[in-house]
Amino acid sequence: MGIFDFLSGEFIDVIHWVDDSRDTMVWRFEREAHEIKYGAKLTVREGQAAVFVHEGQLADVFTPGLYMLETNNMPIMTTLQHWDHGFKSPFKSEVYFVNTTRFNDLKWGTKNPIICRDPEFGPVRLRAFGTYSVKVADPARFLVEIVGTDGEFTMDEISYQIRNIIVQEMSRSLAKSGIPVLDMAANTRELGQLVAKEISAQIAEYGLTLPELYIENISLPPAVEEVMDKRSSMGVIGNLNEYMQFQAAEAIGREGGGASDAMQAGLGAAMGLQMGQAAAGPWGRGATPQPAAAAPPPPPVEHVWHVAENGATKGPFSKAQLGRMAASGELSRESYVWTAGQDGWMKAEDVTELAQLFTIMPPPPPPGI
């Protein structure tokens, strides 16, 4: 082996890149003094592209495959540098490997609410967020426009700019879509495709493309969501008038007891009916508001009485029956009576409601007259 063969063997290089970082978009092949040997082997794997830069000028772009770096397969390099065919000398160039696979599950979201005009609710503030994927479509343009001389360019360095473009286009698309807020959940797919199409045209200037964009959620402010929940509850209830009557009937059934409780339940039912009529006015569709009718007064409470006689209890008697008993002498002023709600037995003459039964009968004369 001669000295010329030995030097030729020393000049042979193997140029390749294996990436395990999952976020590196561009990596520069590091070689001392940037010397690439003539006849070196260049391996470009699937999902990669290799960009040659010679003396600051973009020379060639290699797609996946195995290449021998010689003048016959680098025509652009041949025009940039005159080769000495007698001595296969090394040349100083830079090789940038570009990752052309998709970068997935990248997050985007609106920092501030988007003000839109809804046909039903009027001006509303919306927030949206989701995910997207990005891919290098033109390695040479991406290197020239974005990377420059960065030896290791990662997705984080460009993701912020892409997120700003997405949010800007999302704001514009939502504002001009005219889709009601209540129907946006059913149209997120179409909105995402529309926004991705508009964004792809912008980022194509960087040599990138946006294969996918997903809208995970479009939300309203909490105060508006609370009002919508109340409105949904009203829709589930249906007719407020009938609902209030049902509630009043349920309350009467739970109470169960004396006439006083029934009177209170009846009063509550009447009040509930009035409230239902008043509340149904603004929510009813096509209904003309009518003034609420005055509720009738509650019926008088009819007491029944028990009479104690000779250690036994008789009754119950109505007031009318006690009046006939007083007229016939069966009931006297000294007779003890009791009714519900009365604190123990009392003489008939001490009960205000029964004292009038004895006004037609004069009291017995005092002794000695």
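The values are calculated or read from the model by the stated rules, or taken from the named source; none is laboratory data. As the structure is a prediction and not an experimental result, all values here were calculated from the model. Here the Cβ positions follow ideal geometry from the backbone for every residue, glycine too, while neighbour counts run over all protein chains shown.
Laid out as a table, the results:
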quantity: Condition met for Tyr160 (among the aromatic types (Phe, Trp, Tyr) and assigned to a helix (DSSP H, G or I)); calculated: yes
quantity: Among (1) within 24 Å of Asn104 (Cβ to Cβ); (2) at pLDDT below 85, the one test that Asn217 misses; calculated: (2)
quantity: Of all residues in the stretch 95-123 being in a loop (DSSP other than H, G, I, E, B) and under 30 Å from Ala40 (Cα atoms), the one that is farthest from the chain's Cα centre (by Cα); calculated: Thr100
quantity: Test: residue in the stretch 93-104 that is surrounded by fewer than 21 Cβ atoms within 10 Å (Cβ to Cβ), of a type outside the set (A, V, I, L, M), at pLDDT 90 or above and more than 30 Å from Ala59 (Cβ to Cβ); calculated: yes
quantity: In the stretch 29-60, the residues that are within 52 Å of the chain's Cα centre (by Cα) and either small (Gly, Ala, Ser) or modelled with pLDDT of 90 or more (or both); calculated: Thr43, Val44, Arg45, Glu46, Gly47, Gln48, Ala49, Ala50, Val51, Gly56, Ala59
quantity: Leu208 vs. criteria in the same structural domain as Leu126 (by TED's automatic domain parsing) and within 30 Å of Val227 (Cβ to Cβ); calculated: no
quantity: Criterion violated by Asp150 - all others in (1) charged (D, E, K, R); (2) in contact with a Pro (Cβ under 9 Å, 6 or more places away or on another chain); (3) closer than 28 Å to Gln57 by Cβ satisfied; calculated: (2)
quantity: Any pair with Cβ under 9 angstrom, 6 or more apart, that starts in the stretch 180-198 at a residue that is within 14 Å of Gly130 (Cα to Cα) and ends at one that is of a type in the set (Val, Ile, Thr) and assigned to a helix (DSSP H, G or I); calculated: Val195/Ile166; Ala196/Ile166
